[in-house]
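One structure is given below, encoded as structure tokens.
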Amino acid sequence: MIRDLLRLIPHVSKYRGRLIWGVSLFLIARLFEASIPVLLGIGIDRLSQGRIDLAFPIFGIVFAVASRFMIVSWARIAVRRVGFLVQHDLREKFYAHLQLMGPTFYGKFAVGDLMTRAIADIQLIRRLINMGTISVVIFVFANLVGLACMLYYSPLLTLLIIPPLPFLFLYTWRTSITLGEASRHVQERMSDMSAHVQENITGVRTIQAMVQEENEIQRFDQHNLKYSEAFYAHARLHSRMQAIMPCFTAISIVIVLGYGGHLVLSEQMSVGDYTAFFTFVHMVVQPFRVAGITISLLQRAAVASRRLFEIFDTSPEIKDEPNNYAPKEISGQMKINNLSFKYPGSDKHALENISLEIETGQTITIMGRIGSGKTTFLKQLLRLLDTPKNQVFIDGFDIRDYPLKQLRAQVAFVPQDAFLFGESMRSNITYDEPRRVREKIWEAASYAVLDETIDHMAKKLDTVVGERGVTLSGGQKQRTTVARGLIRHAPVLILDDCFASIDTETEELILQELQQLRADRTTILVSHRVSTAKHSDRIVIFDSGEIIEQGTHQELLAHSGTYRELERIQHTGANQEDYHSILQQQTGS
């Protein structure tokens, strides 16, 4: 537990000035609180002596109570401010770290789990700073001040009430270990439940289409039950601790009542001193009574810290090479030299011995059945996967020599999945540069044959498309992502089968615009339509991670092969199933 909590110190130490100020105020407040029993004892002794000069103790108590109230308020504000600042920093660091992670990381951690760590776990750390700091200060200072005052009033009585306290500490420490394990189970079950809910909401249309609502409710009930059981187990341990702790403190109080009463009756201690002593006993034992809450919070925060640093300790699998020396701008000339790649944990090559040269300004179409390696190949050109050394070159430089941000800023990538943000059409098209002028936005929309669609929307470019573009059709979403790629006018444009939901006529219009717009720039597109491929400078056929054919439209038609058969079958009106069937027959897969 201690080691996990110590890792938070660098994040808290940034605000040590604020924290020291808050703790100092708490210490001052405790001094005022400690003066109250002394003043109360003085007043009681004066009353027992028949004296009426009570102005000093009365006004002293009023001043001490008022001062304590104000100072504690200031102290809480200062400490809680630190808690919220640390929470802000941790969430910002967590989110920034996620942006660097690759596919292996997201295959290991579910989205719901990451959300729980980002929200609930970091919130627990903030609560530890807010409440834990206060509790620890009160515990330490109350014991030091309280014991010092008790020794002043009666050293013997003080020594008599101390023996139960070490047993209380030992019990608390041993129980805290079990409580920490229970806390870990609670947070893990919460992560599992969050991951399930996130997955369910994302796939709700599929669930409804497959009439699986009842099954999904039952699956959620199982996750919910496991979370509830873990929470109840934690609650039982916590409640047991809270119930047993007062038994130890009660022993000390009984000793004070018994032996202290004897001292008063034998006139070895005044009634006022006895009252003050008893109040100080309460000051010492009260923190022990609430120690269970503090220890529970410490354990849960330690688990949260461990889960958080599990993410921070995971290094990005794709990093910039040291001493990058590639040029800042690229022309788009590429050379792929015997590129081979395996996904982590797989024995089979996703790409094997891929060799290809692409000149600046060329348009290359890649074809192949599902799982043939097309998308994997495209991701290598962006280093979205960890590209091997000396196998992919851009403008004569190894792709690994380009800083990641610099490389990706010059390659516009339109993926298969037409992902849109729940914002306006304007924001989705200008995602990489929100300040683009209106004319450029409409120009990109026109190239993507999207301008008329936007013009018919109620708020034009300011129309909000809903989460993941739910208000748009599949074709409209794909054209929006195409516009997002075109507006960048990058040296390299990669289109990964992003016309699948667009009709052939609209696709032809977009391709005609592309030919004029990108005459001097490199374009690589994936398509299963021969009508798309035939206008390319070169067509490349993939299968099982290898290139099985490449050439121009006319060259590939000139000899009997996969492309020629695809052209024949599509010319007769084949569908996509026929397309993949032909590929399987031709390649023998």
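Once you list every other residue whose beta carbon is under 14 Å from the beta carbon of residue 28, what net charge do they have if Lys and Arg are +1 and Asp and Glu are -1? Let's see the in-between values first.
Working: positive: 30, 68, 76; negative: 33.
Around residue 28, the charge tally is +2.
Can you tell me the length gained on complete extension of the stretch residue 59 to residue 338, counting 0.36 nm per residue apart and subtracting the Cα distance? All intermediate terms of the calculation are to be shown ahead of the outcome.
Values: separation 279, 0.36 × 279 = 100.44 nm, distance 8.94 nm.
Working it through step by step, the gained length comes to 91.5 nm.
Computed over the Cα atoms of segment 226-265, what is the ratio Rg over Rh, Rh following Kirkwood?
Working: Rg = 17.7 Å, Rh = 12.4 Å.
My calculation of the ratio gives 1.43.
Strictly over 18 Å apart at the Cα level, which of 328/379; 342/374; 108/389 would you flag in this model? Kindly include the intermediate steps, with their values, before the conclusion.
Values: 328/379 20 Å; 342/374 14 Å; 108/389 25 Å.
In this structure, 328/379; 108/389 exceed 18 Å between Cα atoms.
Give me the percent of Cα-Cα pairs in the chain that sit more than 43 Å apart, rounded to a whole number. If you can, show how the numbers build up before the last one.
Details: 78251 of 173166 pairs.
Of the Cα pairs, 45 percent sit more than 43 Å apart.
With the radius of gyration and the Kirkwood radius both derived from the Cα set of segment 1-153, what is their ratio Rg to Rh? The partial results should precede the final answer.
Working: Rg = 22.8 Å, Rh = 18.7 Å.
Radius of gyration relative to Kirkwood radius: 1.22.
Can you compute the helix-only [θ] at 222 nm over the chain? Use -39500 (n - 2.57) per DSSP H run of at least 4 residues, normalise by all residues, nearest 500 deg cm²/dmol. Mind dumping the intermediate values first?
Details: 26 runs with 362 residues, N = 589.
Mean residue ellipticity at 222 nm (helix-derived): -20000 deg cm²/dmol.
I need the phi-derived Karplus couplings for segment 514-527: 6.51 cos²θ - 1.76 cosθ + 1.60, θ = phi - 60°, integer Hz, Gly and Pro marked x.
Residue by residue, segment 514-527 yields 5, 4, 6, 5, 10, 4, 10, 10, 7, 10, 10, 10, 9, 7 Hz.
What Kirkwood Rh does segment 230-324 have if only Cα atoms enter the pairwise 1/r average? Answer in Å. Before the final figure, lay out each step's value.
Details: mean 1/r = 0.0564 Å⁻¹.
Result for segment 230-324 stands at 17.7 Å.
Within 10 Å of each residue's Cβ, count the other Cβ atoms and sort 6, 511, 378 from fewest upward. Spell out each step's value before the answer.
Working: 6 11, 511 19, 378 23.
By the 10 Å Cβ count, ascending: 6, 511, 378.
Show me the ranking of peptides 22-32, 99-109 by mean Cβ neighbours inside 10 Å, starting with the highest. Walk me through the numbers on the way to the answer.
Numbers: 22-32: 19.5, 99-109: 13.8.
Ranking the peptides 22-32, 99-109 by packing returns 22-32, 99-109.
Provide the percentage of antiparallel DSSP beta bridges, counting only those with both residues in the chain; round to the nearest 5.
Working: 17 of 35 bridges.
Counting DSSP beta bridges with both partners in the chain, the antiparallel share is about 50 percent.
On C-alpha positions alone, give me the angle between the axis of helix 271-289 and the longest principal axis of the chain, in degrees, nearest 10.
The helix 271-289 is inclined about 20 degrees to the chain.
If you bin the C-alpha pair distances of segment 417-489 every 5 Å from 0, what whole percents do you get?
Going out from 0 Å in 5 Å bins, segment 417-489 shows 3, 19, 34, 30, 12, 1 percent.
How high is the FRET efficiency between residue 27 and residue 151 when r is their beta carbon distance and R₀ equals 25 Å, given to the nearest 0.05? All intermediate terms of the calculation are to be shown ahead of the outcome.
Values: r = 20 Å, r/R0 = 0.78.
Given R0 = 25 Å and the Cβ-Cβ separation, E is 0.80.
Taking the chain as the reference, fit the longest principal axis to its C-alpha atoms, fit the long axis of helix 16-48 to the helix C-alpha atoms, and give the angle between the two in degrees, 0 to 90, nearest 10.
20 degrees
Using 0.36 nm per residue of separation minus the Cα-Cα distance, give me the extension gain between residue 220 and residue 458 in nm, one decimal. Intermediate results must be reported in sequence, preceding the final value.
Numbers: separation 238, 0.36 × 238 = 85.68 nm, distance 3.92 nm.
That works out to 81.8 nm of additional length.
Taking 1 over the mean of 1/r across every pair of different Cα atoms in segment 85-312, what Kirkwood radius in Å do you get? Intermediate values should be presented prior to the final figure.
Numbers: mean 1/r = 0.0477 Å⁻¹.
For segment 85-312, inverting the mean 1/r across all distinct Cα pairs yields 20.9 Å.
Which whole-Hz ³J(HN,Hα) couplings does segment 324-333 yield from phi under the Karplus relation 6.51 cos²θ - 1.76 cosθ + 1.60, θ = phi - 60°, glycine and proline marked x?
4, 9, 6, x, 6, 10, 10, 9, x, 6
Just need the Rg to Rh number for segment 339-438, please, alpha carbons only, Kirkwood Rh.
Details: Rg = 16.0 Å, Rh = 15.9 Å.
Rounded to two decimals, Rg/Rh equals 1.01.
Using the 2.2 N^0.38 Å rule of thumb for compact globular proteins, work out how segment 476-552 stacks up: its C-alpha Rg over that value, please.
Values: Rg = 12.7 Å, N = 77, 2.2 N^0.38 = 11.5 Å.
Compared with the compact-globule rule of thumb, segment 476-552 sits at 1.10.
Distance from the Cα centre of segment 55-75 to that of segment 334-391, in angstrom?
Segment 55-75 and segment 334-391 have Cα centres spaced 74 Å from each other.
Rounded to the nearest Å, what's the spacing between the alpha carbon centres of segment 262-332 and segment 119-133? Just the number, please.
8 Å
For residue 360 and residue 66, calculate 0.36 nm times their separation in residues minus their Cα-Cα distance, and state this gained length in nm to one decimal. Present the calculation step by step, with values, prior to reporting the outcome.
Values: separation 294, 0.36 × 294 = 105.84 nm, distance 7.83 nm.
Here the answer is 98.0 nm.
Which trypsin sites (Lys or Arg not before Pro) in segment 408-504 sit in a loop by DSSP (not H, G, I, E or B) and have at most 13 other Cβ atoms within 10 Å of their own Cβ?
Working: sites: 408, 426, 435, 436, 438, 440, 459, 460, 468, 477, 479, 484, 488; in loops: 435, 436, 459, 488.
Within segment 408-504, the qualifying trypsin sites (Lys or Arg not before Pro) (loop, at most 13 other Cβ atoms within 10 Å) are 435, 459.
Bear in mind these aren't lab numbers, they're just calculated from the coordinates by the rules spelled out. Everything numeric here is computed off the predicted structure, so don't read it as measured data. In this analysis, Cβ positions are derived from the backbone assuming ideal geometry, glycine residues included, and neighbour counts consider all displayed protein chains.
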